Amino acid sequence: MKVTRTLTHLRHAFLALVLVGFTANALAHAGLETSVPAANSQVKMSPPELVLTYEKPVMLMGLTVTDDKGKAVELNFKASNDTQLTHKYPLPALSNGLYTVNWASMGKDGHNMKGAFTFSVGAEAKPAPAMKMDDMKKGEKDHSGMDMDHSGHAK
């Protein structure tokens with residue numbers, strides 16, 4: 001009887017550890033919550049700045065903006081050790097067309113995330129098809145609407 005009770009306690013302890021592990025891993029993610037220009041949006045005029053707001057404060061480790069020909073837009077981006085909820089970068093005047101924003105961030109816990117989204121400038125430009133913001137928080141998609149890579153995690 002004592003052996004059965006001990007096994008039951010060990011089983012409960014193991015299940016509790018598994019649940020804590022899954023919960024901690026889920027809470028570690030600090031994906032992109034919003035952006036200006038918005039992901040997959042079409043703006044009439046060149047935006048003056050790029051604004052990225054995350055779910056939790058992060059260090060922005062990488063940021064590029066490229067046009068539809070793959071040419072990089074000059075951002076003067078430098079990675080920083082400062083953790084912030086919102087990151088803002090001035091943009092030069094952008095021509096009409098489709099632009100892709102690629103970002104990489106690190107949370108306070110060292111968890112790395114990266115993602116990408118598009119926006120277009122001008123009445124003629126059409127953004128690439130992508131998920132809606134509400135759908136982005138489901139499944140193995142990141143919060144910017146594109147495939148996400150969690151360092152150390154299989155997709």
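Just so you know, all these numbers are worked out from the coordinates, no wet-lab data involved. Values in this document were obtained by computation on a predicted structure and should not be read as measured data. Every residue, glycine among them, receives a Cβ derived from its backbone with ideal geometry; neighbour counts consider all protein chains shown.
Calculated FRET efficiency, T34 to T66, Cβ-Cβ distance, R0 = 25 Å: about 0.75 to the nearest 0.05. Scanning residues 5 or more positions from G62 or on other chains, those with amide H under 5 Å from its amide H are A104, with H placed 1.01 Å from N in the peptide plane. Rounded to the nearest 0.05, what FRET efficiency is calculated for D109 and K78 with R0 set to 25 Å and r the Cβ-Cβ distance? The computed FRET efficiency comes out at 0.65. Please find the FRET efficiency linking S95 to E55, where r is the Cβ-Cβ separation and R0 is fixed at 25 Å, and quote it to the nearest 0.05. Computed FRET efficiency for S95 and E55 comes out at 0.20.
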